[in-house]
Structure formats: structure tokens, C-alpha cells
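These notes are about the structure you will find just below.
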Amino acid sequence: MSIELITGLLLVGVMVSFIMGAQVGLALGGVAMLLGYATWGEGIFNIVPTTIESTLFSFVLLAIPLYIYMGQLLTRSGIGDAMFKASQLVIGRIRGSLAISVIGVCSMIGAMVGIIGAGIMTSGSIALRPMLERGYDKKLALGVIMAGGGLGILIPPSIPMILFSSTTQNSVGKMFIGAMVPALISITVLMLYVVISCKLNPERAPMGHALDAPKNRREKLITLRDGFLALGLIVLVLGSIISGIATPTESGAIGVVGALLLAILYRRFKLNMMKRSGAETALLVSVAIWIVLGASVFSNFHLLMGVQGMVADFAAGLDLPPIAIIIMMQVVMLLLGFIIDEMIIVLICAPLFTPIAVSLGYDPIWFGILMILNIEIAVQTPPYGFALFYLKGIAPPGVTMMDIYKSILPFVLLKLGVLILCMLVPEIVTWLPNKLMG
């Protein structure tokens, strides 16, 4: 059976499984095993234990439950609210100040949680209703939450970055550092858009209107302390990796301990909060691990059958410049984002596309960050981007899917501009990790 026919059957089988409502991990792994049994016979069953050993026993993947647990502790202890209030004090009374702070703080909360869906839902539950109640334009309020929460996978620590590094055998630390400049550019561009759009159309946002603004000097100091200590924890986690003090996995443990200490310091620690955070983490991690296992079985079978050679031959046969091949890969990942979530795209595309990008002379860290930027856009693009439905799930009555579609379009275009900029100027991604880590 030719690799072209196998690829077609795999894709059709997965799509049919998704339409029938099968679980993602079981659909990917199950389709690969069925087709493998039809082509290899019983020998296909050897791929399961070897995949488990090479994938799930990875020390790098241990960072996933640690970062998710850290995010759950921070958000459930109310520290997210403290970050919003502190950002409002810093920004001051300008038009659209709450929307500006939402972009910054939602991106931080998304980074704490580490995945797009949980980041958007957590951020939206904190900020969406207050923005609508204070008279913000519905499309602006929805758009900034979607854009800010989506940035969570671009700001370290990021679960998709960990998965990319694990599947391609690249440095997680370099991925985290390489994402910092694109993340800062993205945040700056989105905030400038809010400022300029509110300046041109003052009806989109009121002046000031902070979230429960502190009334006296003591309350202001407490608010600033709470907000900046939470931000300091994220800096500590990332700083421990950059300085070489801790590996990404060890820094995740530092983050968990720091989150617990902050909750105790703020007098927000409760055993019930800790139990709920642990239960939610266990649920998210169990789902993630099944997806990792199923997608890894799918990818390993596909790779063993020779799909990488097929893609490489196809790219060479096109006789296109290397950058055109990279653009084609970006288009494929963009289309995949309409139907599957960020973790599955990384697990399927990273081992397939990254070696080809490296063979064309490109830096794997640069390609990895392009993949993360692309996925961030793909899962937020109408009409079927997964993240759109996460926001609809926590939106108040009266918010329609059409409202969400209209709200995200300008932010998607801005993020697409950042992706193109990083593609044309690779040094935006590669300069800082090469400078700090060689």
C-alpha cells in the first residue's frame, strides 16, 4: 500500500471519527492502529509500548501537570482579580483602560494555565461581565479577551512549546526565550490597536472605570503588592530557566510552591481551593496525556510508513524557494486549526514538518515559534476555530456566535502581521536565545 493511499485513509478515518464524536486521543491512535493492523499485521502492536516509553516517560512532559497546577492555584485563589486591579492602578484613567489591562492580564493568566481553552475561559469569567456592565462595546470586550487569552501559549511557560520540544528533541528553555520578543510585540500591537480604536471612536469604551478601585492609600498599596507579586512569580519561573538555575520541569515545581505561598500570604488559601485545583489539574492532564499518546501513535506510525519522505519529495518536486515551502506548511497548520486544537496540531505537525524545515537551512526554534504563532491564530479564526466556542461557553446571554466572529477578526489580522514579521525577520525569534544560551 502506497504512503499516499495510507495518508489519505488516515485523514479520512480521523475526520469520520471526529464527526462521530469519538474522543480525540482514541480517534487518532485507534485509526492508526486499525490501518497499521491491516498493513503490518500483529507487528503494529509493538508501536504502543515503544511510544509510551519514548513519549510519556519524558522528564520534560512532567512540566505539564506542574504548570497547569500552578495556574489553577493562582486563578482559583483570586490572584487573577488582584492582577486586574493592579494593572488598572498602573494604567490610570484613560479611555479603554480596562480593555488594555485585559490584554496584558489575560495573556498572563493564559500563560499560567498554559493552554488556550482554559486561558480564555478563566480570563473571560473574570473580565467579560465587568466590561459589558461598564458600557464597553461588545465586540471590543469579546475581542480583547479572546486575543489576550490566546496569547497564553506564546508566553512562557506554554504547554504547546513543551510538547514541541519533546517531540522534536529541542531545548524547552530556548523555545521559552525565543517566544519572549514575539510575545512582547504581540501585546504591544494589540494594546496600540485598543488605544487607537478608542481614540477614533470614543463610544467603544468609557473613560477609566476601574474594577472596584481601591478607595484609600492603604488599599492601593495592598492592590499593587498583590498584583506585582503574582507577576513576580511568573518572572521567577522564567528567570530560573534563563539563568540555568532550574530546568523547565524544576521551574514548574518552583511555580507550584510559589503559588501556594502567595495564596497563604494573601490569606486566600483554603483546603477546598487546593482540592478543586488538584482535581481540575488531574482532569486536564489526563485528557492531555491521552491526546499525547494517541497523537504520538498516529505520528509514529505515519512516520514509519515514510510520510516524511513523501512530504520532502513533494516539496522538492515543486521547485520552490525554501521560504515558499515554509509558507505552505503554515497554510496547512492554519487549516488544521479550524478542526483540531493546539496540542494535536503540535503533536502531528512538529515531527513531520520540523526536520524538513531544518533540512532547508532554518533554525528549529524559529520554526517552532512560527508554529505556535500560527496555531494561536488558527484556533481563533472563524467559523470553526476551537477557541471561539470556549468563549461562547462562558459568555452571558445575548452574546451570539456572530458577535464573537466579528470581534476577533481585527485581532486575528494583527496577529497574522506578527507571524509574517517573524517569518521575514528570523532574528526576532533567534537573537535572544542565541545571546543567552548560545
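The values are calculated or read from the model by the stated rules, or taken from the named source; none is laboratory data. Computed from a predicted model, the values in this text were never measured in an experiment. Every residue, glycine as well, gets a Cβ built from its backbone with ideal geometry; the counts of neighbours run over all protein chains shown. Heads up: the accessible areas ignore ligands, DNA and RNA and are worked out on the full protein's heavy atoms, side chains in. Shrake-Rupley method; radii C 1.70, N 1.55, O 1.52, S 1.80 Å.
Here is how the numbers come out for the structure above:
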read-out: Unique match (being crowded, with 16+ Cβ neighbours inside 10 Å and modelled with pLDDT under 75) among 64, 68, 91; value: 91
read-out: Condition check for residue 292: touching a Pro at 6+ places or on another chain (Cβ under 8 Å) and open to solvent by less than 50 Å² (accessible area, probe 1.4 Å); value: no
read-out: For residue 58: the one exception among (1) part of a helix (DSSP H, G or I); (2) over 19 Å from residue 13 (Cα atoms); (3) open to solvent by 10 Å² or more (accessible area, probe 1.4 Å); value: (1)
read-out: Residues of region 388-411 satisfying the condition of being open to solvent by 20 Å² or more (accessible area, probe 1.4 Å) and part of a helix (DSSP H, G or I); value: 389, 390, 392, 393, 394, 401, 402, 403, 405, 406, 409, 410
read-out: Residue in region 157-193 that is modelled with the lowest pLDDT, counting only those that are under 22 Å from residue 146 (Cβ atoms) and of a type in the set (Gly, Ala, Ser); value: 158
read-out: Single unsatisfied condition, residue 302 versus (1) closer than 23 Å to residue 35 by Cβ; (2) buried (at least 21 other Cβ atoms within 10 Å of the Cβ); (3) in contact with a helix residue (DSSP H, G or I) (Cβ under 6 Å, 6 or more places away or on another chain); value: (3)
read-out: From 276, 268, residue being assigned to a loop (DSSP other than H, G, I, E, B) and either over 24 Å from the mean Cα position of the chain (by Cα) or at pLDDT 85 or above (or both); value: 268
read-out: Options 151, 184; residue that is farther than 21 Å from residue 435 by Cβ, among the aliphatic types (A, V, I, L, M) and within 17 Å of the chain's Cα centre (by Cα); value: 151
read-out: Spans of helices (runs of 4 or more DSSP H) in region 149-263 with at least 2 residues open to solvent by 70 Å² or more (accessible area, probe 1.4 Å) and not charged (D, E, K, R); value: 180-200, 217-242
read-out: Hits in region 129-142 (condition: touching a Leu at 6+ places or on another chain (Cβ under 8 Å), modelled with pLDDT of 80 or more and in a helix (DSSP H, G or I)); value: 138, 141, 142
read-out: Meets criteria (closer than 26 Å to residue 160 by Cβ, surrounded by fewer than 24 Cβ atoms within 10 Å (Cβ to Cβ) and aromatic (Phe, Trp, Tyr)) for residue 84; value: no
